[in-house]
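The values are calculated or read from the model by the stated rules, or taken from the named source; none is laboratory data. Quick caveat, the model's predicted, so the values are computed rather than measured. So basically every Cβ, Gly included, is an ideal-geometry build from the backbone, and we count neighbours across all protein chains shown.
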Amino acid sequence: MTPTLFDKIQSDMKQAMLAKDALRTSVLRLLVSAARYYQAEKSLPALTDEDVIQVLKRQAKQRRDSIESFAAANRSDMAEKERQELAILECYLPKQLSEAEITELVKAAMAETGATTKAQAGLIMKSVMPKLQGRADGKMVNQIVMKLLGA
């Protein structure tokens with residue numbers, strides 16, 4: 001049986017503990033805890049890779065929001081710590097698409113849905129987000145959609 005993403009995270013956490021890497025251990029420990037909470041919350045018998053990716057995306061989004069907040073409050077020390085944590089989390093996420101790749105997918109979705117106004121942005125988002133499945137930040141996708149619609 002091939003190891004799951006959750007197994008890999010737990011194994012990496014043990015390695016970080018043995019290496020006395022405090023930051024990595026802390027981030028992975030929080031991630032394991034969040035994944036177990038998600039499993040209990042959804043009453044799942046076991047965590048699939050998709051479940052773990054959902055938890056990872058949620059944790060990464062929290063870090064991005066914190067980075068913005070700390071940067072706005074001129075707390076560069078705290079923002080840098082959050083960036084380091086985000087980098088650790090991103091190691092386990094699927095490879096993120098580039099802005100150009102997202103733009104191409106959005107253009108295809110615009111052609112597919114026939115949407116041309118800001119009011120129809122939701123149609124484009126609904127069409128494109130399932131195709132991106134964790135490979136792009138929703139906020140970035142929305143910005144690209146609005147830019148292409150001339151907002």
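Here are a few things to note about the model shown:
- Cβ-Cβ distances below 8 Å connect the following pairs, each with a first residue in region 120-135 that is under 15 Å from Q96 (Cα atoms), a second residue that is assigned to a helix (DSSP H, G or I) and at pLDDT below 85, and a separation of six or more residues or different chains: M129/G138.
- Looking across D7, D12, D77, one residue alone is surrounded by 15 or more Cβ atoms within 10 Å (Cβ to Cβ), among the acidic types (D, E) and without any contact (Cβ under 8 Å) to a residue 60 or more places away in the chain. It is D12.
- Those residues of region 15-39 which are hydroxyl-bearing (S, T, Y) and either crowded, with 17+ Cβ neighbours inside 10 Å or at pLDDT below 95 (or both), in sequence order: T25
- Counting only residues that are touching a residue at least 24 places away in the same chain (Cβ under 8 Å) and polar (S, T, N, Q), region 90-116 holds 3 of them.
- If you check L44, L93, L148, L132 for being within 19 Å of L23 (Cα to Cα) and not aromatic (F, W, Y), only one passes: L93.
- Some residue of region 111-127 being among the β-branched types (V, I, T) and modelled with pLDDT of 95 or more: no
- Residues located in region 62-112, provided they are under 15 Å from the mean Cα position of the chain (by Cα) and aromatic (F, W, Y): Y92
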